[in-house]
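The values are calculated or read from the model by the stated rules, or taken from the named source; none is laboratory data. Everything numeric here is computed off the predicted structure, so don't read it as measured data. Cβ coordinates were reconstructed from backbone atoms using ideal geometry, including for glycine residues, and neighbour counts include every protein chain displayed. Please note that ligands, DNA and RNA were not included when accessible areas were found on the heavy atoms of the full protein model with its side chains. Shrake-Rupley method; radii C 1.70, N 1.55, O 1.52, S 1.80 Å.
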Amino acid sequence: MLAKVQSAAVLGVDAYPVEVEVDVTSRGLPFFSTVGLPDAAVKESKERVRAALKNTGFDFPLKQVVVNLAPADIKKEGSAYDLPIAIGMLIAEGVLEQEHVTGWMIVGELALDGRIKSVRGSLSMAVHARRIACRGMIVPADNAAEAAVVEGIPVVGVHTLPEVVEFLAGRQAIEQTRVDVQGAFVSLSVYQEDFAEVRGQEHAKRAIEIAAAGGHNMIMIGPPGSGKTMLARRLPSVLPQMSFEESIETTKIHSIMGLLRDGQPLVATRPFRSPHHTISDAGLIGGGQIPKPGEVSLAHNGVLFLDELPEFKRNVLEALRQPLEDGNVTISRALTSLTYPAALMLVAAMNPCKCGFHGDPLHPCQCTPHQVQTYRSRVSGPLMDRIDLHIEVPAVKFREIADDRQSEPSTSIRERVTRARMVQQKRFFRDGIYANAHMKPRHLRKYCKIDEACTNLMEAAMDRLGLSARAYNRILKVARTIADLDGSDGISSSHISEAIQYRSLDRRVN
């Protein structure tokens, strides 16, 4: 007898339908075959299904069993097909009626005792189930809240195989999972780290506010222990609050990587990813036989922090150039080519030299100017071209550390950042961008006009400080953001002056 069960799989960040066909016949010797380009995990489902059926009181048919996963030309991976295969076998054996199952999208991994374990990508599958107007979705109980975020599709969370059978047969009622999406979004959008905890570093905090307001990539240069990582970790708390659409986009990526905590339906705070400098290019950008997202995609709508930037492999850093430019990353393999979103802010940190104390008044530097330049040149010019702000972070003085006065909290900074972002969104409404950092040369000519005094100031800075030509556009972008924070329509000399000081790595090393 032939049985059909609707399921789904994830390719990239979106789901596609998978029809699980189970054919059971008594002719010939018993065997079990899975077709439709299954990977090792899918092939092993035979053993999990056999044990789960046996241990929950059902019979595993000693017959010829063929399982087809359609479409057959896309490679299937993972364990989410265990439950639909088991249901298909029960239909083929007459335990369930086909009409009881038709219209339900079913996913889930089976434990050997019949428990149903969580799977990845439930949110994307729920979005697809709503799109094709499924009758409902049966998912593991651990994934029910995540799938129920999608309104318009009934979601039933289940714990065991017998529970699914009784529900589909109409002998047991299971309450539909419901989530207060707005309440969950508000309760989860709380950051654990706050700028109120940072003592001193007012100059760096001001620069971070500018970076957040304009969406600018930034790099912090300072000796060990000066607080670069502490500052970076608090940057997401001053970025504008995530919209619901951004939250769904981000949650999809974290869901397919299995990074959502138990019972967490949404990612409501901006991601902060901080990979170790030993990471490979596949780990950072994404990869695999069927490409999976890397750190740049996990940081989508948030912050990617690269500590000890010169210690990263050169080829890994060069791979960042395309995602930073385009806001997405395309990974091509023999089987498929996938595009993942990667709209992020890059925040990097590095020591000023190999010993870490170049320019520190308290610790003498052991490096020669040539060694300092060699150390800094580990980061290529094309990558530095994509970084707008260079922030010097000196060691914090004892008086600042011991000061009991409350520093400005993140909420106050975020209010100013949000106001500046709203100005930019209105300005670029017809241009397809949303922040000053994304301006192209035509936008600079239109929105960053400067008067003669500003022009003279820029010329003097480039001559006296040895700034490179590539710094010119970066200074204009940052000055435009500073003007937005000040509520100014035009760019003044004070805005240019402040922007110039954030190009320290362009200056000649003495």
* To do: Would you mind getting me the FRET efficiency between D73 and S26? Use the beta-carbon distance for r and R0 = 25 Å, nearest 0.05.
  => 0.25
* To do: State, to one decimal in nm, how far the label point of S488 lies from the label point of A334, with both points 7 Å from Cα in the Cβ direction.
  => 5.9 nm
* What's the carbon and sulfur percent of region 20-69's accessible surface, probe 1.4 angstrom, rounded to a whole number? -> 54 percent
* **Which label in (1) 54, 23, 21; (2) 34, 29, 24; (3) 48, 27, 17 gives the computed semi-axes √(5λ) of the Cα gyration tensor in Å** => (1)
* Which part of region 360-378 falls in the paramagnetic zone of H203, meaning amide N under 18 Å from the point 7 Å along Cα-to-beta-carbon? -> 360-365
* Asked: For the peptides 143-154, 170-181, 191-202, 44-55, what is the packing order when you average, over each peptide's residues, the other Cβ atoms within 10 Å and list the highest mean first?
  -> 143-154, 44-55, 191-202, 170-181
* To do: At 0.36 nm per residue, minus the direct Cα-Cα distance, what do R131 and S497 gain on full extension? Give it in nm, one decimal, please.
  => 126.5 nm
* Probe 1.4 Å, all protein chains in place: accessible area of K397 in Å², nearest 10? -> 150 Å²
* Structure fact -> Once normalised by the length of the chain, the mean sequence separation of its alpha carbon contacts under 8 Å that are 6 or more apart gives a contact order in percent of 13 percent
* For region 314-408, which whole-number percentage of the solvent-accessible area (1.4 Å probe, protein heavy atoms only) is attributable to carbon and sulfur atoms? -> 53 percent
* Structure fact -> For the chain, cysteines with no other Cys Cβ under 4.7 Å from their own Cβ are listed as C134, C355, C365, C448, C454
* Helix-derived [θ] at 222 nm for the chain: sum -39500 (n - 2.57) over DSSP H runs of at least 4, divide by residue count, nearest 500? -> -10500 deg cm²/dmol
* At R0 = 25 Å, FRET efficiency that the Cβ-Cβ distance of N315 and R470 yields, to 0.05 -> 0.65
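At a 1.4 Å probe radius, carbon and sulfur cover how many percent of the accessible area of region 431-510?
Using a 1.4 Å probe with all protein chains present, region 431-510 comes out at 46 percent carbon and sulfur.
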* Asked: Which value, in Å², gives the accessible area per residue of the chain when a 1.4 Å probe is used on the protein heavy atoms?
  -> 45 Å²
* **Label-point separation, H100 to L112 (7 Å along Cα→Cβ), nm** => 2.8 nm
* In region 237-261, which residues have a backbone nitrogen under 20 Å from the label point lying 7 Å from E151's Cα in the Cα-to-Cβ direction? -> 242-252
* Asked: Share of antiparallel DSSP beta bridges in the chain, in percent to the nearest 5?
  -> 50 percent
* Asked: Which of K252/K292; K205/K446; K446/K477; K292/K313; K4/K117 have a Cα-Cα distance over 18 Å?
  -> K205/K446; K292/K313; K4/K117
* So how exposed is F31, as accessible area in Å² (1.4 Å probe, rounded to 10)? -> 100 Å²
* Asked: Between R405 and M257, what FRET efficiency follows from the Cβ-Cβ distance if R0 is 41 Å, with the result rounded to 0.05?
  -> 0.45
* Pair A169, E452: separation of 7 Å Cα→Cβ label points (nm) -> 9.2 nm
